[in-house]
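Peer 1: I'd like to ask some things about the structure below.
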Amino acid sequence: MLSHLYKIMGVSLVLSVVLNAGVYAENDAAVKIKWGYKGNIGPSRWAELDPQFALCGKGKQQSPINIIEKNSAAKSDLQINYTSAPLDIGINDTTKLQIGKISTLFQDGHGIEVNFPADLIENIVINNETYQLIEFHIHTPSENTWHGQSFPAEIHFVHQGPNGKVAVLGVFAKGGEESEEMQIVVDNIPHDQGQSHLIPGKSINPADLLPANKRHYRFQGSLTTPPCSEGLQWFVFAEPITISPAQIARLRHAVGGSNARPVQPLNGRSIYSIAESKQSPVQSD
């Protein structure tokens with residue numbers, strides 16, 4: 001995430017991991033700002049590290065949150081269209097999002113990331129608007145919590161929509177049976193920074209990292225990493241997927257133990273409970 005902007009990379013994905021405890025974000029002036037999850041560069045100090053990180057301290061719709069099952073119900077307006085794509089492995093990528101009228105560069109800290117080029121079919125549809133899947137990344141432990149309960153890991157699927165809109169799907173992961181799709185991820189985590197190579201014959205289907213039950217919670221939130229930009233639509237699934245203890249251990253090792261921001265105040269936001277969502281049966285060629 002240190003070296004370059006997200007860019008179209010053919011029909012491939014990029015799996016990224018930053019292995020050091022301190023990482024950098026790049027602002028519009030290409031200044032590298034070191035931040036992390038511990039000590040003087042940890043979450044409680046992010047807002048002090050650079051003026052562009054101010055929302056990390058003063059924002060009113062910050063993520064992650066503690067989800068409590070007592071809020072308003074709503075009808076589903078989410079359709080998920082995921083399919084398989086080839087796997088390209090690399091590290092140190094920066095993702096570029098258009099949030100509102102501001103072009104934002106963000107990264108997932110010392111985390112694991114899989115990037116998707118724009119010419120693939122991976123997308124979600126919200127209220128008849130299409131949001132392209134840009135990347136998914138993994139936090140250990142989970143960032144969002146449910147009634148105060150944390151999970152060993154959480155996957156965030158980040159989507160870019162029209163007019164600077166951004167939507168994130170959150171999936172909790174608990175210990176249990178091994179996930180074949182997660183094994184593809186952990187088997188291909190680079191050992192050193194700066195690696196980038198195509199894995200012949202390897203593909204990954206993000207749909208296989210979603211729970212069978214698509215009941216979810218919807219709320220307004222932010223990026224969970226600097227610059228903590230707000231205005232994102234969040235959809236967090238109620239049912240966790242299972243990954244094996246060995247997979248959990250491998251993910252934790254890759255991120256240096258933890259890359260989770262603490263939960264943030266709700267500040268009067270509503271959390272809507274959605275009974276179901278639609279998943280397209282689209283298949284790859």
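The values are calculated or read from the model by the stated rules, or taken from the named source; none is laboratory data. Just so we're clear, the structure is a prediction, and the values are computed from it rather than from any experiment. Note: ideal-geometry Cβ built from the backbone for every residue, glycine included; neighbour counts use all protein chains shown.
Peer 1: Mind telling me which of the residues I204, I248, I243 ends up being in contact with a helix residue (DSSP H, G or I) (Cβ under 6 Å, 6 or more places away or on another chain), at pLDDT 95 or above and surrounded by 16 or more Cβ atoms within 10 Å (Cβ to Cβ)?
Peer 2: That would be I243, the only listed residue that is in contact with a helix residue (DSSP H, G or I) (Cβ under 6 Å, 6 or more places away or on another chain), at pLDDT 95 or above and surrounded by 16 or more Cβ atoms within 10 Å (Cβ to Cβ).
Peer 1: Let me ask another. Under 6 Å between Cβ atoms, which residue pairs at least 6 apart in sequence (or on different chains) link something in the range 265-285 that is under 13 Å from D77 (Cβ atoms) with a partner that is modelled with pLDDT under 85?
Peer 2: Y272/S72; Y272/A74; I274/A74; I274/S76; E276/S76; S277/S76
Condition check ((1) over 13 Å from P206 (Cα atoms); (2) at pLDDT 95 or above; (3) touching a Cys at 6+ places or on another chain (Cβ under 7 Å); (4) not small (G, A, S)) across all residues:
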{"position": "F136", "(1), (2), (3), (4)": "no, no, no, yes"}
{"position": "E154", "(1), (2), (3), (4)": "yes, yes, no, yes"}
{"position": "P162", "(1), (2), (3), (4)": "yes, no, no, yes"}
{"position": "A167", "(1), (2), (3), (4)": "yes, yes, no, no"}
{"position": "G170", "(1), (2), (3), (4)": "no, yes, no, no"}
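Peer 1: Please find, within the range 147-171, the residue that is surrounded by the most Cβ atoms within 10 Å (Cβ to Cβ) out of those that are out of contact with any Asp or Glu (no Cβ under 8 Å at 6 or more places or on another chain) and assigned to a helix (DSSP H, G or I).
Peer 2: G164
Peer 1: Condition first: outside any strand (DSSP E or B) and out of contact with any helix residue (DSSP H, G or I) (no Cβ under 9 Å at 6 or more places or on another chain). Now tell me which residues in the range 114-142 satisfy that.
Peer 2: P117, A118, D119, L120, I121, N127, N128, S142
Peer 1: Here is a check on your reading of the model: is K174 at pLDDT below 90 and surrounded by fewer than 21 Cβ atoms within 10 Å (Cβ to Cβ)?
Peer 2: So K174 does not fit the description; no.
Peer 1: Further question on the same structure: Quick one: is L120 in contact (Cβ under 8 Å) with a residue 60 or more places away in the chain, out of contact with any Cys (no Cβ under 6 Å at 6 or more places or on another chain) and crowded, with 21+ Cβ neighbours inside 10 Å?
Peer 2: Against the criterion (in contact (Cβ under 8 Å) with a residue 60 or more places away in the chain, out of contact with any Cys (no Cβ under 6 Å at 6 or more places or on another chain) and crowded, with 21+ Cβ neighbours inside 10 Å), L120 does not qualify.
Peer 1: Let me ask something additional. Working carefully through the options S12, S3, find the one that is modelled with pLDDT under 70 and in contact with an Asp or Glu (Cβ under 6 Å, 6 or more places away or on another chain).
Peer 2: Criteria check complete, one pass: S12.
Peer 1: So, D108, is that one at pLDDT below 90, over 15 Å from the mean Cα position of the chain (by Cα) and among the charged types (D, E, K, R) or not?
Peer 2: The answer is no for D108.
Table: residues versus (1) crowded, with 16+ Cβ neighbours inside 10 Å; (2) in a loop (DSSP other than H, G, I, E, B); (3) modelled with pLDDT under 95; (4) not small (G, A, S).
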site	(1), (2), (3), (4)
D208	no, no, no, yes
V236	yes, no, no, yes
R252	yes, no, yes, yes
G256	yes, yes, yes, no
N267	no, yes, no, yes
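Peer 1: I need the full set of residues from the range 111-133 which are touching a Leu at 6+ places or on another chain (Cβ under 8 Å) and at pLDDT 85 or above, in order please.
Peer 2: Result: E122, N123, I124, V125, I126, L133.
Peer 1: Taking the condition closer than 22 Å to I138 by Cβ, modelled with pLDDT of 80 or more and among the β-branched types (V, I, T), does I89 pass?
Peer 2: no
Peer 1: Can I ask one more? Looking at (1) assigned to a strand (DSSP E or B); (2) under 18 Å from L266 (Cβ atoms); (3) of a type in the set (V, I, T); (4) touching an Asp or Glu at 6+ places or on another chain (Cβ under 6 Å), which one does T224 not meet, given that it meets all the others?
Peer 2: With (1) assigned to a strand (DSSP E or B); (2) under 18 Å from L266 (Cβ atoms); (3) of a type in the set (V, I, T); (4) touching an Asp or Glu at 6+ places or on another chain (Cβ under 6 Å) applied to T224, the lone miss is (1).
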